[in-house]
1. Suppose we filter His30, His26, His61, His44 for residues that are under 23 Å from Thr306 (Cβ atoms), in contact with a strand residue (DSSP E or B) (Cβ under 7 Å, 6 or more places away or on another chain) and surrounded by fewer than 23 Cβ atoms within 10 Å (Cβ to Cβ); which single one remains?
2. Residues that are at pLDDT below 85: which helices (runs of 4 or more DSSP H) entirely in region 444-491 hold 2 or more of them?
3. Of all residues in region 418-439, which are outside any helix (DSSP H, G or I) and exposed (fewer than 13 other Cβ atoms within 10 Å of the Cβ)?
4. Pick from Pro418, Pro422: which is assigned by TED's automatic domain parsing to the domain that holds Arg372 and free of Cβ contacts under 8 Å to residues at least 40 places away in the same chain?
5. If you take the residues in region 312-338 that are part of a helix (DSSP H, G or I) and at pLDDT 90 or above, which one is surrounded by the most Cβ atoms within 10 Å (Cβ to Cβ)?
6. Please list, ordered by residue number, the helices (runs of 4 or more DSSP H) wholly in region 192-311 having 1 or more residues that are in the same structural domain as Ser76 (by TED's automatic domain parsing), out of contact with any Pro (no Cβ under 9 Å at 6 or more places or on another chain) and free of Cβ contacts under 8 Å to residues at least 24 places away in the same chain.
7. Just checking, how many residues over region 181-221 are within 16 Å of Val162 (Cα to Cα) and within 17 Å of the chain's Cα centre (by Cα)?
Amino acid sequence: MGGFCGVVSKGDCVSDLFFGTDYHSHLGTHRGGMAVLKADGTFHRSIHNIQNAPFRSKFEHDLASFAGNVGIGVISDTDPQPLVMCSKLGTFALVTVGLISNMDELKGELFRCNMQLQYSTTSGMVGPTEVVSALIATRNSIVEGLKYVHEKIRGSCSILLVDDKGRFYASRDKWGRTPIVLGKKDGSMIALQESCALANLGYDYVRDLGPGEIAELTPEADITLVEPGRKMAICSFLWVYYGYPASSYEGRNVEMTRYRCGSALAKRTPTEADAACGIPDSGTSHALGYAHEAGMKFARPFVKYTPTWARSFMPQDQRQREHVASMKLIPIPGLIKDRRLVFCDDSIVRGTQLGKQAAKLYSLGCRETHMRIACPPLVYPCKFINFSRSKSVYDLITRRYIRGHEGENADIDKYIDPDGEPYKKMVEFIREKLNLTSLAFQRIDDLVKAIGLPEDQLCTYCWTGRDYAETGDCYHCPNCPCAPVNGTQAG
């Protein structure tokens, strides 16, 4: 997926920018970068490969050479960033987060305007940030360019941009699928995705940018240049899986949401067990909520070894990712042998890792392995945010089951209803395939309630196949009480 941070300050911004960007390291695996505007109006930029080493270790030796009052940083899961663009609008640096699904269409339009696009030296393709910067440069101002990006792209794209005059812009995706949080301290403003960075950097939470909102940040204030839209479809998976536990989006804290998810699973699908356990990391929070609601012990029969491979999806090869995933979870036999254990995990995608974990548990003497999944079954690959490396819909274990029973033209909707027989048979197939004692998934209504936002403000496409924003299923009237509101953070 990726994450970014930008700082504008009366003093030097580099320390806050460096640590603020580092707090997004869990969101990306490809490249990390920083660009700071120097006193002479030029940009000092540095980009490093972070596939096999963390952002902090690659950049800590660069810090002494950076100096300036405004800058942007990124953890990128796509192309090398930040990009510095020279154009009729002047020179500007930008970073992007999201997934652009109509790249070929956009490139065709730019070529017809006699624009040139450069291949990334690492991917061998034209990167999304390159296309976004070119789209901006076709307009008559930076703000018009940012608006144009929202109009033209399909998918999602949030942007931080600094021009050579020191103006700092934050532009949230049209439907608000990814967050941008603003913070303030004396003489500085910050814009980032993970609000957990604010407290340790000394910033107070100001607000979340609204969907499609474009704001200019100064050291003293934020100024809305384009008003937010009334429709939002923020990604629900932020709370289930890839959001950081200490962060809040739209006022809903990740850790507290996961507790509520676990609690809902315990209420809806109780089971007799000796302990509730989580598959690290995100499953741990869900399991704590499950244990509290069920009145059972919480245990950690798996601990995660992170010093060398912090994230199992870092290697590019799928077989290597699976190997790393199995190596990093270390069992504690004394908490497994002769025990009945209920495990919470964030999701099941291919099912490969979970099947191997179940086999390891049984080999260590586990009597029963009950699995509770914190979200509904994934039946549609995400087309809005780049959080999955799946190359085919049939990477999903659910779709392999459906194809095997009905072929490639099956009615998918009937596998979404948790009270229907097709859904129950699909879940039973997955249970048998993974050799679990029992298996249950979260219901969509329980997940929505746990997050605490109206369903029509959440993107639930990967579970339901419905997207309220782009299909126009829900348009808010001007004074609609469920329209997105930039409020203060809550639980």
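1. On inspection, the qualifying residue turns out to be His30.
2. Answer list for region 444-491: 468-471.
3. Asp419
4. Only one candidate passes the filter, namely Pro422.
5. Leu335
6. 196-200
7. Within region 181-221, residues that are within 16 Å of Val162 (Cα to Cα) and within 17 Å of the chain's Cα centre (by Cα) number 2.
The values are calculated or read from the model by the stated rules, or taken from the named source; none is laboratory data. Since we're looking at a predicted model, the values are computed, not measured. When we count neighbours, we look across all protein chains shown, and the Cβ atoms used for this are built from the backbone with ideal geometry, even at glycine.
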